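Everything on this sheet refers to the single structure shown next.
The values are calculated or read from the model by the stated rules, or taken from the named source; none is laboratory data. Every value quoted in this text rests on a predicted model; they were computed, and no experiment measured them. A quick note on method: Cβ atoms are made from the backbone with ideal geometry, for glycine too, and the neighbour counts reach across all protein chains shown. When the accessible area is computed, the model is the full protein with side chains, heavy atoms only, and any ligands, DNA or RNA have been set aside. Shrake-Rupley method; radii C 1.70, N 1.55, O 1.52, S 1.80 Å.
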Amino acid sequence: MIAWFEERDGDEPMVQLYQGASSIRIKATDPNLPKDCIWMIEEVYTELYGLSFNSNRSNKRKGLEDNRQGGFTWTTKRPGGFSDDHIAIFDGHILDVVSVVRYRISKGNCESLLRAYLGPNAGSRVNAGDIRRGEGLVIRSVVWFSDIRGFTRMSCHLTRTEVIDVINGVFEASNTVIQNHGGQILKFMGDGVMAIFSDVNHGFKRGSMTASQKTDLDESHGAILCHRAQKAACELHERLGQLRKEREAKGLHGVSIGIGLHYGDVSYGNVGAADRLDFTVIGKAVNLASGIENLCSKLGANVLASAQFVELLAMSECWKKRGDYEMKGIDEPVCVYEFCGTQ
């Protein structure tokens, strides 16, 4: 067993190690058996042996010293407990065990940080070594953009703490809902969110896709992705509506958001400078989704989407055409639909 522990009083094995014991031996027959070790009798264990991470034996080698507190324990059902040879093996290999455990913990912390800052899939890819600039995949996905309505004006009237509280509330709700419906947030941008809905088992390709491949993929998976994104958009507006009521009831500033959705190809991978990379999505589909989201305030809409997105949904009657609009960087007017359904 391995465990980290916090400072506290008691006679439990890990507390004894924390309080300075470099090692402990506890037999089930001890008259003062710690309450934390009663299970040894119940499960017929005869002895417990423990070593501290920070014992002299485990800190002999340069580079292992730190302030982390923890220890290892071993138990046996062998009659009479551990032999002197067993104890010698534990003591003789504690450096190796500590080195391996600390490496695994460091590796796990690194992956957790990458997933927290880049998103689950992107973080895992970077952690696995997908870090070459310009390297990436073409993926068929839903691109999601959203931001807080009237944020600039709001930020001029609220304190820094109040603004951060508003943003964190919206981002927390956005992340929960998007992840629950199979999407992942790639960026928090000021008051905005960029996310994608994709299938990690389908639609990922090193090069571009043929028209036939796209058609097959859209028919088998595109509609599923669009439906997930639509449900996420609806649920998020419901959550934020409830949050707005709760905040306003407390005399706090309420917020609402606009969401833009598009389905298409994006380049998913590393871009940037040689010593400063960003794992993101780029391409026409990204520009379209961003442009559509920018129309939300102008059209007074909560959720807008492209024709490509709406056409893949069996519930297209829930969408109302709002017209064709010119968008920066896009050669032809973009047909935009507003969601008017309830799911």
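Once the Cα atoms are used to define both axes, helix 94-118 deviates from the longest principal axis of the chain by about 10 degrees. Simple spin-label estimate for residue 284 and residue 171 gives 3.3 nm between the two label positions (7 Å along the Cα-to-Cβ direction from each Cα).
Classify segment 98-218: rounded, prolate or oblate, from the alpha-carbon gyration tensor (a ≥ b ≥ c, eigenvalue square roots; a/c under 1.5 rounded; otherwise prolate if a/b is larger than b/c)? It is oblate, given that a/c is not under 1.5 and a/b is not larger than b/c. For GluC sites (Glu not before Pro), the sites in segment 105-170 that DSSP calls loop and that have at most 14 other Cβ atoms within 10 Å are 135.
To the nearest 0.05, how large is the calculated FRET efficiency for residue 78 and residue 111 if R₀ is 35 Å and r is the Cβ-Cβ distance? E between residue 78 and residue 111, to the nearest 0.05, is 0.40.
Among the GluC sites (Glu not before Pro) within segment 281-343, those in coil by DSSP and having at most 13 neighbouring Cβ atoms inside 10 Å are 326. The label-point distance for residue 210 and residue 275, in a model that sets each label 7 Å from Cα toward Cβ, rounds to 4.6 nm. Taking every protein chain into account, the accessible area of the chain amounts to 54 square angstrom per residue (probe 1.4 Å).
Within the accessible surface of the chain, defined with a 1.4 Å probe on protein heavy atoms only, the carbon and sulfur portion equals 49 percent. For the chain, the longest principal axis of the C-alpha atoms and the axis of helix 223-249 are separated by about 80°. Legend: distances between Cα atoms for 214/320; 107/187; 231/320; 187/320; 298/328; 284/328; pairs beyond 19 Å are 214/320; 107/187; 187/320.
What the Cβ-Cβ distance of residue 41 and residue 246 gives, at R0 = 45 Å and to the nearest 0.05, is a FRET efficiency of 0.30.
Seen through its C-alpha gyration tensor, with square-root eigenvalues sorted a ≥ b ≥ c, segment 225-343 comes out oblate because a/c lies at 1.5 or above while a/b is not bigger than b/c.
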